[in-house]
Amino acid sequence: MAWYLNRYECSRCGSDWQGEWSCMCDDDCPQCGARHMSPADSDDLTEIIVKDGDEFVVMQSPETAENCANYRKLGRFPTLAAVEAFLAGR
């Protein structure tokens with residue numbers, strides 16, 4: 001399942017906040033309660049790369065994820081170049 005870090009800015013009070021969701025969805029302002037604020041920006045976190053010691057681990061949010069990313073390991077690689085080659089071949 002896709003996973004995103006959405007960043008919001010309230011058009012009513014100017015408050016900034018962020019939230020992780022399975023889509024680039026609207027959210028309500030936690031400060032003033034203004035409804036249906038669209039993300040100002042989003043980062044796709046469906047696949048992430050985590051450094052673990054001298055290696056790099058590719059993690060993916062699975063299709064079964066619902067309320068959290070629930071990442072699963074796709075592979076462990078010695079270099080970022082190896083990660084890029086793996087991801088390009090998918």
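The values are calculated or read from the model by the stated rules, or taken from the named source; none is laboratory data. Owing to the predicted nature of the structure, the values given are computational and were not obtained by experimental measurement. All Cβ positions, even for glycine, are placed from backbone atoms using ideal geometry, and neighbour counts span all protein chains on display.
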Would you mention how many residues in region 41-90 are of a type in the set (Ser, Thr, Tyr) and farther than 21 Å from Asp26 by Cα?
3
Of these, Trp3, Trp21, which one is among the aromatic types (Phe, Trp, Tyr) and touching a residue at least 40 places away in the same chain (Cβ under 8 Å)?
Trp3
Within region 1-27, can you find the residues that are more than 13 Å from the chain's Cα centre (by Cα) and surrounded by 14 or more Cβ atoms within 10 Å (Cβ to Cβ)?
Tyr8, Glu9, Cys10, Ser15, Trp17, Asp27
Looking for something assigned to a loop (DSSP other than H, G, I, E, B), loosely packed, with under 14 Cβ neighbours inside 10 Å, modelled with pLDDT under 95 and of a type outside the set (A, V, I, L, M, F, W, C) - is there at least one such residue anywhere in region 78-89?
yes
When region 39-73 is checked residue by residue, the ones that are outside any strand (DSSP E or B), free of Cβ contacts under 8 Å to residues at least 24 places away in the same chain and surrounded by 13 or more Cβ atoms within 10 Å (Cβ to Cβ) are Asn70, Tyr71
